[in-house]
Amino acid sequence: MSSEAVFQDRLKQIFFLRKVFIRQLKNTIPTAMPEDIDPTSKEGQQYLRDLALHGVEEMFEALQHLKNWKPHKLTEEKEFNKEEFLEEIVDAFNYFMALLIVVDVDHEKLFEAYLKKDQKIRKRLDEGY
C-alpha cells in the first residue's frame, strides 16, 4: 500500500470518527448544534465562525505549554509536557474537522485541496517567494 493510500485511509478514519461523534452529540444534546447548517445564511456563518474560534481557543491552550518563547526571558524551563500539548492540538483539530464536515468537505476533498496548496507553496519556494 502506498504512503498516499495509507494517509487517505487514516484521514478517512479521522473523518468517520468525527462524523460519529457529531451524530452522537446531536442525539445526546440536541441543542448543541443546529440541525441543518446553511453556510450561506447568517446563522450558519455564525455557527461556522464559532466552530473555528473554538479551534483557535484550543490552539491557544496548546500554546500555554510553550514556556520558553519570550526573547526577554533569561531562564529556561526544561519541562515540556508533549502529551498535554498534543491533546490540545487534537482538540483544535477536532473543531477544524467538524468545520469541514458541516460544510460537506470529506477526506478526499481535503486531500485534493491539500495537494493543490502543497504544489502552490512549493512553487513559491522554488521561485524565491
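Of the residues Asp118, Asp104, Asp126, only one is closer than 20 Å to Gln24 by Cα and either at pLDDT below 95 or loosely packed, with under 14 Cβ neighbours inside 10 Å (or both); which?
Numbers: Asp118 fails: closer than 20 Å to Gln24 by Cα; Asp126 fails: closer than 20 Å to Gln24 by Cα.
Of Asp118, Asp104, Asp126, the one residue that is closer than 20 Å to Gln24 by Cα and either at pLDDT below 95 or loosely packed, with under 14 Cβ neighbours inside 10 Å (or both) is Asp104.
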Inside the stretch 1-51, can you point out the residues that are open to solvent by less than 80 Å² (accessible area, probe 1.4 Å), over 16 Å from Glu108 (Cβ atoms) and part of a helix (DSSP H, G or I)? Val20, Ile22, Leu25, Lys26, Ala32, Gly44, Tyr47, Leu48, Asp50, Leu51
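Taking the condition modelled with pLDDT of 95 or more and not in a helix (DSSP H, G or I), does Thr75 pass? Step through it out loud before you land on a result.
Details: modelled with pLDDT of 95 or more: no; not in a helix (DSSP H, G or I): yes.
No: the conditions fail for Thr75.
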How many residues of the stretch 21-58 are in contact with an Asp or Glu (Cβ under 6 Å, 6 or more places away or on another chain) and without any contact (Cβ under 8 Å) to a residue 12 or more places away in the chain? The answer is 1
Taking first residues from the stretch 86-106 that are touching a residue at least 40 places away in the same chain (Cβ under 8 Å) and second residues anywhere that are crowded, with 18+ Cβ neighbours inside 10 Å and of a type in the set (Asp, Glu), the pairs with Cβ under 7 Å that are 6 or more apart or on different chains are Tyr95/Glu58
Within the stretch 27-57, how many residues are under 23 Å from Glu88 (Cα atoms) and either among the basic types (Lys, Arg) or under 17 Å from the mean Cα position of the chain (by Cα) (or both)? 11
Give His54, His72 a once-over and let me know the one that is open to solvent by 80 Å² or more (accessible area, probe 1.4 Å) and more than 18 Å from Lys109 (Cβ to Cβ). His72
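The values are calculated or read from the model by the stated rules, or taken from the named source; none is laboratory data. Computed from a prediction, not measured in an experiment: that's the story for all the values here. Don't worry about glycine lacking a Cβ; one is built from the backbone with ideal geometry, like all the others, and counts go over all protein chains shown. Areas reflect the complete protein model, heavy atoms only, side chains present, ligands, DNA and RNA absent. Shrake-Rupley method; radii C 1.70, N 1.55, O 1.52, S 1.80 Å.
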